[in-house]
Amino acid sequence: MSVSPLPCVLVAGGAGYIGSHMARMLLESGFHAVVVDNLTTGHEQALCETTFRQGDIGDRAFMREVLREFEPQCVMHFAAASLVGESVAEPAKYWRNNFVQTLNLLDAMLECGVRQFIFSSTAAVYGNPVEVPITEQHPQLPINPYGNSKLAVERALQDYDRAYGLRSITLRYFNAAGAHPDGTLGERHEPETHLIPLVLQVASGRRPEIARFGSDFPTRDGSCIRDYIHVQDLCTAHLLALRKLADGAPTNVYNLGNGNGHSVNEVIAAAREVTGHPIPVRDAPRRPGDPPVLVADARRARDELAWVPAYPDIATIIAHAWLWEQKLAGQRR
Ligand code: UFG
C-alpha cells in the first residue's frame, strides 16, 4: 500500500545529475517522489526530502517490493551509463546497464501493474546527422554502443505498448547542462568529461586549461556545435510528459533541446564573460565519434507538451553551473 496521500512517481537514478533535479521538482510540484538508486555514480548528498531505496533497478525482486510498497502512477528512468567513449571500450557494460537492466525494470513494472514510463534517451540515437536541426523522424543510426543501447530500449518500448499496454514517453536529450538556480544541486561526474563543467573547473582553478577537441570542423569557427539545454528545462518536460501520460496519451518520442547551437569556442567565451576568469585553451585532436553539429528541432515537444524552456540562454545555463562549481571548489579547499 502506498504510504502517502500524494500521487507517487518512482525516480530510477534519482541520486544522479538529472534525476536529483527531477526528484526535487516532483516534490515541489506536489508529488511523492520515491528515489531508487544503487549509488554507483549517484550521490547520497543529492537526495532531497524524498523517500530513498538503495538498490539496482534491474533487480526484479527488489523492484517488485518497492513498486508494491509505493504503487507509483509512473516510473521515470534516469539510471544509465552515459559516456560515449566508455561505451565503445566497454559495450557489455552499456548493453547490461542500459538495456538488460531496463527490461528487468519494465518487467517488474508489468508484474506490479504499473504501466506508465518516462524514458531518458539521447541525441546519440541519431548518429551522424544528415539534416540539422534534427527532428524525431531523422534516421536513427547510432554510431556507438551508448546510442545503440538507448535505441534498443526505445524499440522495446514500442513493442511493450503494443503487447502489454505499457505507455511511455521517450525524451531524447541533446546536451544536458546547467544546475539548480539556487546553486545547491548540480553535475558531479567522476571523471568529468562534459564541456561546461570542465571549462568551469578551469575558471575555478581546479584545472589548468581546457582541451578543445578539434578546430577544423566544417562549422562557423571550426569547433563543434551543440544544443545545450538546462537541466531544469529537461525536468519541466518530464513533468509535462507525466501529465500527458496520466491523461491517456499514447506512446511517443520527443526531442529536448533549445534549437540553438553554440560552438565550443562560444561556450568558452561565454564562460569567460560569466566568471571573469581567462580560461586558457589548448588545441587537441578531434574526439572520435563527435559529429560537427547537433541541434534539435524540438517543435513537437513545444506543440504537444506545451514545453517552453525557461533558461534557453547559454550565459544563464553557465551562470547556474558556475554557482555549483564554486560550491564544489569551495568544498575541496
Ligand atoms: N569538448 C571539448 N573539450 C572537452 C570536452 C568536450 O572540446 O574537454 C567538446 C566535445 O568535443 C563536443 C562538445 O565539447 O564537441 C560537447 O561535449 P560533451 O562531452 O560535453 O557532450 P557530447 O556532445 O559529447 O555528449 C552529449 C551527451 C551524450 C550524448 C552525446 C550525443 O552528453 O549523452 O551528446 O553525441 F550521447
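Return yes or no: is Glu86 among the acidic types (Asp, Glu), surrounded by fewer than 22 Cβ atoms within 10 Å (Cβ to Cβ) and modelled with pLDDT under 95?
yes
What number of residues within segment 269-299 are at positive phi and surrounded by 14 or more Cβ atoms within 10 Å (Cβ to Cβ)?
2
State all residues of segment 64-80 that are within 16 Å of Ala15 (Cβ to Cβ) and either in contact with a Leu (Cβ under 8 Å, 6 or more places away or on another chain) or outside the structural domain of Ile118 (by TED's automatic domain parsing) (or both); if no residue qualifies, say none.
Of everything in segment 64-80, those that are within 16 Å of Ala15 (Cβ to Cβ) and either in contact with a Leu (Cβ under 8 Å, 6 or more places away or on another chain) or outside the structural domain of Ile118 (by TED's automatic domain parsing) (or both) turn out to be Val66, Val75, Met76, His77.
Tell me, yes or no, whether segment 214-226 has at least one residue that is under 14 Å from the mean Cα position of the chain (by Cα) and either without any contact (Cβ under 8 Å) to a residue 40 or more places away in the chain or within 25 Å of Leu294 (Cα to Cα) (or both).
Checked segment 214-226: no residue is under 14 Å from the mean Cα position of the chain (by Cα) and either without any contact (Cβ under 8 Å) to a residue 40 or more places away in the chain or within 25 Å of Leu294 (Cα to Cα) (or both).
Name the single residue, out of those in segment 26-56 being modelled with pLDDT of 90 or more and among the polar types (S, T, N, Q), that is nearest to Pro191 (Cα to Cα).
Among them, the one singled out is Thr40.
Collect the residues in segment 203-226 that are more than 12 Å from the ligand (Cβ to nearest atom) and out of contact with any strand residue (DSSP E or B) (no Cβ under 8 Å at 6 or more places or on another chain), keeping them in residue-number order.
Ala203, Ser204, Gly205, Arg206, Pro208, Asp216, Pro218
Taking Ala321 as meeting all but one of (1) within 15 Å of the ligand (Cβ to nearest atom); (2) in contact with an Asp or Glu (Cβ under 6 Å, 6 or more places away or on another chain); (3) under 16 Å from His180 (Cα atoms), write down the number of the exception.
(2)
Hey, among Pro129, Pro133, Pro139, which residue is surrounded by fewer than 23 Cβ atoms within 10 Å (Cβ to Cβ), assigned by TED's automatic domain parsing to the domain that holds Pro72, farther than 20 Å from Val88 by Cβ and in contact (Cβ under 8 Å) with a residue 24 or more places away in the chain?
Result of the check over Pro129, Pro133, Pro139: Pro133.
Give the residue, chosen from Leu200, Leu245, that is more than 10 Å from the ligand (Cβ to nearest atom) and surrounded by 22 or more Cβ atoms within 10 Å (Cβ to Cβ).
Going through Leu200, Leu245 in turn, just one is more than 10 Å from the ligand (Cβ to nearest atom) and surrounded by 22 or more Cβ atoms within 10 Å (Cβ to Cβ): Leu200.
Those residues that are surrounded by 17 or more Cβ atoms within 10 Å (Cβ to Cβ) and in a helix (DSSP H, G or I), I need them from segment 61-83; list them, please.
The answer is Phe62, Met63, Val66, Leu67, Phe70.
The values are calculated or read from the model by the stated rules, or taken from the named source; none is laboratory data. All figures in this text were calculated on a predicted structure; none of them were measured in a lab. FYI the Cβ positions are ideal-geometry reconstructions off the backbone, even for glycines, and counts take in every protein chain you see.
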